[in-house]
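What follows is one structure encoded as structure tokens, with my remarks underneath.
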Amino acid sequence: MNKPLITACLMCTATVVAAADLQEMGDMSKEMVARAVTHYQQVGREQAEKDFNHKTEEWYADKYFLHMFAMNVDGTVWADNVWPEFIGTDFTAAADFDGFEFGHDIIANTPQGGEVYQVQLKFMNPESGDLTPSVGSCVRADAQNILCSWANG
């Protein structure tokens, strides 16, 4: 999958949000990724992969289009319960509206030890023409895997 297609898919979920909504988006994505790390550690990668790739109430919420995403540290996506077409693709070159390559940024800046790395991206809403945010909270579940929860405005 190429960078424009990844960008276009992410742009489709955007709507205008207020600053208070950004905080809530960040809080919700942090809470979900914390649960995801616990789940991953309890059941292992194989079962977590199956679980994170389903839109269950535990790993997906309609509010802010909150969902799970996971990749290897080389950028290969292995879970996305909203855009399954990303699975198996290289996410290192994924970029937002401003050209910010957030895939590479997440890999480079998500620390070891369970700390959350949060990133905010900008996308153009194709319906309104407005720039809108997406907030991702990412954690290294182990040395080889990064789990992220995304909330989209």
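Quick note: the coordinates plus some simple rules give every number you see, no bench work behind them. Since we're looking at a predicted model, the values are computed, not measured. Glycine also receives a Cβ, built like all others from the backbone with ideal geometry; neighbour counts cover every protein chain displayed.
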Please compute the modelled spin-label separation between K122 and K63, points set 7 Å along Cα→Cβ, answer in nm with one decimal.
2.7 nm
Within the under-11-Å Cβ sphere about Y64, not counting Y64, Lys/Arg +1 and Asp/Glu -1 give a net charge of -3
Which residues qualify? For A141, with a placed amide H closer than 5 Å and at least 5 residues away or on another chain, they are I146, L147
Could you rank the peptides 35-46, 70-81 by their average count of other C-beta atoms within 10 Å per residue, with the highest value first?
70-81, 35-46
Between A94 and residues 5 or more places away or on another chain, which pairs have amide H atoms under 5 Å apart, with H built 1.01 Å from N, and which residues are they?
G103, H104
Go through region 93-153 and name the GluC sites (Glu not before Pro) that are in a DSSP coil and have 16 or fewer other Cβ atoms within 10 Å of their Cβ.
E115, E127
